[in-house]
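Since the structure comes first, as structure tokens, the remarks are kept for the end.
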Amino acid sequence: MLKDFSVQSLFMGCLTAFVGFASSFAVVFHGLQVVGATDAQAASGLTALSVAMGLCAIVLSMATRLPISIAWSTPGAALLASAGAIEGGFPAAVGAFLICGVLIVIAGLFRPFGRAVASIPAPLANAMLAGVLIGLCFAPVKAIAFNPAFGLPIILAWIVVGSFKRLWAVPAALAAFALVLAFGGKIPDGAFASLEHSLLPTVEFVKPGFTLAGIVSIALPLFIVTMASQNIPGIAVLKVHDYDPKPGPLFAVTGVFSLLAVPFGGHAVNLAAITAAMCAGQDAHADPKRRYWAAIIAGIGYVILGLLASAVT
């Protein structure tokens, strides 16, 4: 296994973890707050989710030798933000998360469902991948419209470097982002003083409660959104890159890790869609059989970021 490790996979794994965490942690944090979590409970949920999805990625990638990328359910977090507070408060929401996790496990163990997912035609899988990636493709344009001074240097670095060496285009864009942030961003007074006190990971146990409102407005929609927007597209991404995973066991394992995160405020973890393409593509390694290391490194990165999650909340 160690002979398959490469610097290329190391870099892409680190980049995947950074993109996966930084691009959506605010959505997850806000979604948990909207359904009743305190700041401490939302931070706990963020930590639990990041650690759970990191460990899940490590376990699945090592077991299957496939680049199995895992993420928290960003569409699910957006759903929570639109659902609002429910009767019973955050404990009722946690109870709904628990039911959702059980449903994901059941879906993975239900063989006809796994066979149906495995039979997705390649053109449809490509269309699903395009739908997943189109938002990411338009993100730089939106960034320029919002703040040209921040967005333009990043895109120019990506275009210029990418025209010579495609592999270094993303690192160049990331370096440009760091420089723009360092020289053009404003750091609030006292930020570093408060950072030291927030580096220790904190988790808070939340006893789940079960209400009909939680089941109807959170559990069932969260299950459907997570499966339709994350798990099934995640399988499609792997199939597009010529991998042949068994969907059922993957779904079931993500459901188990979701259940491990639930008592500490996490809503759901699942197969990644956007970041799955990063680990499964040629940029992770020229040899498809060695790309699983990128997903393993990403998993390690998620665990580390999860333990530091309190610093960004």
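On the stretch given as region 248-285, residues that are farther than 30 Å from Ala92 by Cα and touching a residue at least 40 places away in the same chain (Cβ under 8 Å) total 11. Selection of first residues in region 204-231 that are surrounded by fewer than 17 Cβ atoms within 10 Å (Cβ to Cβ) and of second residues that are hydroxyl-bearing (Ser, Thr, Tyr), restricted to Cβ pairs under 9 Å at least 6 apart or on distinct chains, gives the following pairs, ordered by first then second residue: Phe205/Ser44.
The one condition from (1) in a loop (DSSP other than H, G, I, E, B); (2) in contact (Cβ under 8 Å) with a residue 60 or more places away in the chain that Asp242 does not meet is (2). Of note, Ala193 does not satisfy the criterion of being modelled with pLDDT of 90 or more, small (Gly, Ala, Ser), farther than 15 Å from Ala96 by Cα and part of a helix (DSSP H, G or I). Given the condition surrounded by fewer than 19 Cβ atoms within 10 Å (Cβ to Cβ), within 13 Å of Gly54 (Cα to Cα) and of a type outside the set (Ser, Thr, Tyr), answer yes or no: does some residue in region 261-282 qualify? Checked against the condition, which is being surrounded by fewer than 19 Cβ atoms within 10 Å (Cβ to Cβ), within 13 Å of Gly54 (Cα to Cα) and of a type outside the set (Ser, Thr, Tyr), region 261-282 yields no hits at all. Region 1-113 holds helices (runs of 4 or more DSSP H) entirely within its bounds, and those carrying 3 or more residues that are farther than 30 Å from Trp168 by Cβ and in contact with a Phe, Trp or Tyr (Cβ under 8 Å, 6 or more places away or on another chain) map to 39-64, 89-109. Is region 245-257 home to any residue that is closer than 19 Å to Ala17 by Cβ, in contact with a strand residue (DSSP E or B) (Cβ under 6 Å, 6 or more places away or on another chain), in a helix (DSSP H, G or I) and at pLDDT 90 or above? Within region 245-257, one or more residues are closer than 19 Å to Ala17 by Cβ, in contact with a strand residue (DSSP E or B) (Cβ under 6 Å, 6 or more places away or on another chain), in a helix (DSSP H, G or I) and at pLDDT 90 or above. For region 205-214, the criterion of being among the aromatic types (Phe, Trp, Tyr) and at pLDDT below 80 is met by none of the residues. Annotation note: Cβ proximity below 7 Å between a residue of region 141-161 that is free of Cβ contacts under 8 Å to residues at least 40 places away in the same chain and among the aromatic types (Phe, Trp, Tyr) and a residue that is part of a helix (DSSP H, G or I) and surrounded by fewer than 16 Cβ atoms within 10 Å (Cβ to Cβ) (sequence gap 6+ or interchain) occurs for Phe150/Gly184.
Selection of region 24-42 for residues being under 16 Å from Ser73 (Cα atoms) and in contact (Cβ under 8 Å) with a residue 24 or more places away in the chain yields Ser24, Phe25, Val27, Val28, Phe29, His30, Gly31, Leu32, Val34, Val35, Ala42.
The values are calculated or read from the model by the stated rules, or taken from the named source; none is laboratory data. As the structure is a prediction and not an experimental result, all values here were calculated from the model. Note: ideal-geometry Cβ built from the backbone for every residue, glycine included; neighbour counts use all protein chains shown.
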